[in-house]
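The values are calculated or read from the model by the stated rules, or taken from the named source; none is laboratory data. On a predicted model such as this, the values are computed, not experimentally measured, just so you know. Cβ: placed from backbone, ideal geometry, glycine included. Neighbour counts: every protein chain shown.
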Amino acid sequence: MTRLHKPAGWPKLMVAKRLKSGATAYYWDIPTWAKKKGCTIESEPLGSDYGRAKQRCDDILNPQFDAWHAGTSGNIILSGRHAVGSFDWLVSVYKSLPKYTRRPEKTRKSYDNALRLVSQHKLKDGRLFGSLLITSIKPATADILFDKLRTVEESVFDSEGKLVIGNNGFPVRRIRERTRTAVLAIVCCRTAWNCARRAKPEIIPASNPFAGIELQYKAKPTRPVTHAELLCFVKAADQAGDASIGTAAMIAFYWLQRETDIIGRLSWVQHYRPSENPNIARIYHHKTHELVEMPLYDVDGTALWPELMERLDSAPRRGTLIVMRDKPDRKRKSYLPWKEDYFRHRVAVIRAAAGIDPEAKFMGLRHGGNTEGADAGLSDAQLRALSGHKTASMTVLYAKQTMKQRREGARKRLAQRTKAADLSE
């Protein structure tokens, strides 16, 4: 192969070679001295289109090299607030795509927190992970990142919320494991890389360094809340002046609806005793887009949910939504819907007042209702008809296995064996 002469405007570090076929191929070649100094940007082929090869060198590769040579990423061409070719830039590309924007707000918030944790991870040399060039992120880099994210050092506080000071006069620190958080962070990075790669294939390498990491984590099962605990919680909520939270808890347990739908979507007119059918409650599951028309009465007219129906029928209607804050806002002088963070804070306060352990989360009410159904001997189809689950596998996750179910199963097996023995005689 023979080298070609360089015309005016030729990008630095770009070389052209004449192939045996007669075509010209362009390459961006990292200098040997830079490799010896630890430059992690790799040489790469640029194809046979001079215009595209020149543009990639001028816009991406040479600015990256100059930034490395200067010892900072500040000289890299910026796209918005982030340097083109950096991890932060990749994340910004991902967040501009429908694969991200079409996800529910709650999911996006979770992804944002996970990706921010990665971007703000401080390296040994003081740089943030988000400033790294994506061409320098290798599988080994991702493995090290995962191991670092699995633990966090934090201060220790006593039962009264005061900082614990050691004998040396300094605050006591401890290492806390957070494998679940680390797993989510890596999964989000992997997704962001794959999605952004489809949008910017000329910049983002095809090889995803976050793929192939062994992510071993067994999620802790949600503890189901029992009916007795529900009653204690509702009583404590009423005593605390938060009757609406008690109502929300009953809806979650009896009608198996999620917290987000209860405090943000469940309305009087559309969902409880609608004018066209006052004998039902419409329970919509936004996550699965399933609508369950919950019967309020049996065929003989018996109320199927007497405690909850009595509570709703006598509750004051403070707005469009069924579950709203029990006290008017001090500034607006009107009743407002619950916000998730404040709602969960009040749930924690009420749970403590009721003497229920902190492991019983609000989502455990829905699990408890499903488990009650399984204990009552409901079939899989009956459970799904009430809960709005689409598959039997999801029903299994919510309807926890209990000792009562095992005893009844053993009792039926014993009856079958006894019956078989009687017949043989």
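For region 344-356, give me each residue that is more than 21 Å from residue 324 (Cα to Cα) and without any contact (Cβ under 8 Å) to a residue 24 or more places away in the chain.
352
Taking region 27-42, which residues are loosely packed, with under 15 Cβ neighbours inside 10 Å and in contact (Cβ under 8 Å) with a residue 12 or more places away in the chain? Reasoning before the result, please.
Just the residues of region 27-42 that are loosely packed, with under 15 Cβ neighbours inside 10 Å, to begin with: 29, 31-33, 35-38, 42.
Scanning region 27-42 gives 29, 31, 42.
With the requirement that a residue be part of a strand (DSSP E or B), farther than 26 Å from residue 147 by Cβ and at pLDDT 80 or above, what does region 159-179 give you? Before the answer, list the steps.
Kept after step one, since they are part of a strand (DSSP E or B), are these residues of region 159-179: 163, 165, 171, 173-177.
From the residues that got through so far, the ones that are farther than 26 Å from residue 147 by Cβ too are 163, 165.
Within region 159-179, 165 is the sole residue that qualifies.
Which number in (1) part of a loop (DSSP other than H, G, I, E, B); (2) under 19 Å from residue 354 (Cα atoms); (3) touching a Gly at 6+ places or on another chain (Cβ under 9 Å) marks the one condition that residue 241 misses?
Result: residue 241 fails condition (3) only.
Tell me the residue from 298, 242 that is among the acidic types (Asp, Glu) and in contact (Cβ under 8 Å) with a residue 60 or more places away in the chain, please. Before the answer, list the steps.
Working: 298 fails: in contact (Cβ under 8 Å) with a residue 60 or more places away in the chain.
The match here is 242.
I want to confirm something. Restricting to region 303-314 and keeping residues that are crowded, with 16+ Cβ neighbours inside 10 Å and in contact (Cβ under 8 Å) with a residue 24 or more places away in the chain, which single residue is farthest from residue 242 (Cα to Cα)?
So the first thing to find is which residues in region 303-314 are crowded, with 16+ Cβ neighbours inside 10 Å, and the list is 305, 308-309, 311-312.
Restricting the remaining residues to those that are in contact (Cβ under 8 Å) with a residue 24 or more places away in the chain gives 305, 308, 311-312.
Details: 305: 21, 308: 16, 311: 13, 312: 14 Å.
Per the criteria, the residue is 305.
Go through region 94-120 and count every residue that is of a type in the set (A, V, I, L, M, F, W, C), part of a helix (DSSP H, G or I) and within 15 Å of residue 195 (Cα to Cα). Steps first, please.
Let us first name the residues in region 94-120 that are of a type in the set (A, V, I, L, M, F, W, C), namely 97, 114-115, 117-118.
If we keep only those that are part of a helix (DSSP H, G or I) too, we end up with 114-115, 117-118.
With within 15 Å of residue 195 (Cα to Cα) added as a condition, the list becomes 115.
Adding up the residues that qualify gives 1.
For region 320-336, name all the residues that are closer than 18 Å to residue 251 by Cα and out of contact with any Lys or Arg (no Cβ under 9 Å at 6 or more places or on another chain).
320, 322, 323
Any residue in region 248-270 that is assigned by TED's automatic domain parsing to the domain that holds residue 352, surrounded by fewer than 19 Cβ atoms within 10 Å (Cβ to Cβ) and part of a strand (DSSP E or B)?
yes
Restricting to region 141-168, name every residue that is within 30 Å of the chain's Cα centre (by Cα) and either among the aliphatic types (A, V, I, L, M) or in the same structural domain as residue 41 (by TED's automatic domain parsing) (or both).
Residues satisfying the conditions are 142, 144, 145, 149, 152, 156.
Pairs, please: C-beta under 9 Å, at least 6 apart or cross-chain, first residue touching a residue at least 24 places away in the same chain (Cβ under 8 Å) and in region 328-341, second of a type in the set (S, T, N, Q)?
337/320; 338/244; 340/260
Being among the hydrophobic types (A, V, I, L, M, F, W, C) and farther than 24 Å from residue 42 by Cβ is the requirement here; does residue 144 meet it?
Judged against the criteria, residue 144 is not a match.
How about region 72-92: which of its residues are at pLDDT 80 or above, of a type in the set (S, T, N, Q) and not in a strand (DSSP E or B)?
First, pick out the residues of region 72-92 that are at pLDDT 80 or above: 84-92.
Subset that is of a type in the set (S, T, N, Q): 86, 92.
Matches in region 72-92: 92 only.
Determine which member of the set 224, 209, 171 is within 30 Å of residue 357 (Cβ to Cβ), touching a helix residue (DSSP H, G or I) at 6+ places or on another chain (Cβ under 9 Å) and either crowded, with 17+ Cβ neighbours inside 10 Å or not assigned by TED's automatic domain parsing to the domain that holds residue 247 (or both).
Numbers: 209 fails: within 30 Å of residue 357 (Cβ to Cβ); 171 fails: touching a helix residue (DSSP H, G or I) at 6+ places or on another chain (Cβ under 9 Å).
Of the residues listed, the single one that is within 30 Å of residue 357 (Cβ to Cβ), touching a helix residue (DSSP H, G or I) at 6+ places or on another chain (Cβ under 9 Å) and either crowded, with 17+ Cβ neighbours inside 10 Å or not assigned by TED's automatic domain parsing to the domain that holds residue 247 (or both) is 224.
Could you grab me the full set of residues in region 124-151 that are part of a loop (DSSP other than H, G, I, E, B) and more than 22 Å from residue 212 (Cα to Cα)? Outline the logic, then answer.
The first filter runs over region 124-151 and keeps only residues part of a loop (DSSP other than H, G, I, E, B), leaving 124-127, 132, 137-138, 150.
Answer for region 124-151, where residues must be part of a loop (DSSP other than H, G, I, E, B) and more than 22 Å from residue 212 (Cα to Cα): 124, 125, 126, 127.
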